[in-house]
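J.: Have a look at the structure that comes next, please.
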Amino acid sequence: MGWVGMAGEGLLLHSLVLGHSSQAECLARFQDLLASGAVIDDWNPELRTRVQRFLAGDVCDDFRDVETAVTESTPFASRVIAAVRRIPAGKVLSYTEVAAQSGSPRASRAVGNIMARNRIPLVIPCHRVVASGGRLGGYSSPQGLSMKTRLLQLEGAVAATP
């Protein structure tokens, strides 16, 4: 699954990146934080272990209990994030279904844009949001749709190919 990195403070998760080919590539995603004085350490060993176990296929975790420091710019975006966090592990919803659950059934493209900006994949499980007809749609990790497919397979979800 590649290199994974997390950034947080206290119990709040600020960012999670996955699928990088090297430690340096992963750390580069945190360049701004490191430049502002953040330190590299084992910030949340419990969460790290949970993510490792999930990515190894040992346990299917929905990470719903993980507190995030996500601040969205609009009420609609906040509703989208909440709707996506409610998708159970092993299930998928379409961008249109997420838009409808968020109060704007015609805003599927906006849902896709919000998912593309997701700074906390797995915890905000954007991999569980697919295009119409079960097609995968997009995924913004370095490994793209192959990562999305692997995450869905870990959860036992069935989705069509791109």
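J.: Considering each of R86, R117 in turn, give the residue that is more than 28 Å from A24 (Cα to Cα) and either within 12 Å of the chain's Cα centre (by Cα) or modelled with pLDDT of 90 or more (or both).
T.: Testing whether each residue is more than 28 Å from A24 (Cα to Cα) and either within 12 Å of the chain's Cα centre (by Cα) or modelled with pLDDT of 90 or more (or both) leaves just R86.
J.: Filter region 7-24 down to the residues that are touching a residue at least 40 places away in the same chain (Cβ under 8 Å) and part of a loop (DSSP other than H, G, I, E, B) and list them by number.
T.: Once the filter is applied, which keeps residues that are touching a residue at least 40 places away in the same chain (Cβ under 8 Å) and part of a loop (DSSP other than H, G, I, E, B), region 7-24 yields L11, S21.
J.: Right, here's the next one. Hey, could you check region 90-111 for residues that are assigned to a loop (DSSP other than H, G, I, E, B) and modelled with pLDDT of 90 or more and say which is least open to solvent (accessible area, probe 1.4 Å)?
T.: Checked region 90-111; the qualifying residue least open to solvent (accessible area, probe 1.4 Å) is S102.
For every residue, the table says whether it meets (1) touching a residue at least 12 places away in the same chain (Cβ under 8 Å); (2) not basic (K, R).
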residue	(1), (2)
D61	yes, yes
R64	yes, no
E67	yes, yes
P75	no, yes
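J.: Then there is this: G112 - would you say it is more than 14 Å from the chain's Cα centre (by Cα) and either under 17 Å from R64 (Cα atoms) or in contact (Cβ under 8 Å) with a residue 24 or more places away in the chain (or both)?
T.: Answer is no for this residue.
J.: Okay, moving on. Only one of these conditions is not met by V4: (1) open to solvent by 30 Å² or more (accessible area, probe 1.4 Å); (2) part of a loop (DSSP other than H, G, I, E, B); (3) closer than 18 Å to V123 by Cα; (4) of a type in the set (A, V, I, L, M). Which number is it?
T.: Unmet for V4, out of (1) open to solvent by 30 Å² or more (accessible area, probe 1.4 Å); (2) part of a loop (DSSP other than H, G, I, E, B); (3) closer than 18 Å to V123 by Cα; (4) of a type in the set (A, V, I, L, M): (2).
J.: Would you confirm, using the coordinates I've provided, whether A83 is surrounded by 14 or more Cβ atoms within 10 Å (Cβ to Cβ), part of a loop (DSSP other than H, G, I, E, B) and aliphatic (A, V, I, L, M)?
T.: No, not satisfied.
J.: Considering only region 133-162, state which residues are open to solvent by 40 Å² or more (accessible area, probe 1.4 Å), within 16 Å of K91 (Cβ to Cβ) and modelled with pLDDT of 85 or more.
T.: Of everything in region 133-162, those that are open to solvent by 40 Å² or more (accessible area, probe 1.4 Å), within 16 Å of K91 (Cβ to Cβ) and modelled with pLDDT of 85 or more turn out to be T149, Q153, L154, G156.
J.: Name the single residue, out of those in region 112-132 being part of a helix (DSSP H, G or I) and among the hydrophobic types (A, V, I, L, M, F, W, C), that is most open to solvent (accessible area, probe 1.4 Å).
T.: Among those that are part of a helix (DSSP H, G or I) and among the hydrophobic types (A, V, I, L, M, F, W, C), it is A116.
J.: Hey, can you tell me all the residues within region 25-48 that are out of contact with any Phe, Trp or Tyr (no Cβ under 9 Å at 6 or more places or on another chain), in a helix (DSSP H, G or I) and either closer than 11 Å to A7 by Cβ or open to solvent by 70 Å² or more (accessible area, probe 1.4 Å) (or both)?
T.: Hits for region 25-48 are Q31, D32, L33, L34, A35, E46, R48.
J.: Show the residue pairs that are 6+ apart or on different chains and have beta-carbon atoms under 7 Å apart, the first residue being within region 139-152 and more than 19 Å from R29 (Cβ to Cβ) and part of a helix (DSSP H, G or I), the second being among the small types (G, A, S) and open to solvent by less than 60 Å² (accessible area, probe 1.4 Å).
T.: L152/A159
The values are calculated or read from the model by the stated rules, or taken from the named source; none is laboratory data. These numbers were taken from a predicted model, which means no experiment stands behind them. Methodologically, a virtual Cβ is constructed for each residue, glycine included, from the backbone with ideal geometry; neighbour enumeration extends over all protein chains shown. For the accessible areas, the whole protein counts, side chains as well, though only heavy atoms, and no ligand, DNA or RNA atoms are used. Shrake-Rupley method; radii C 1.70, N 1.55, O 1.52, S 1.80 Å.
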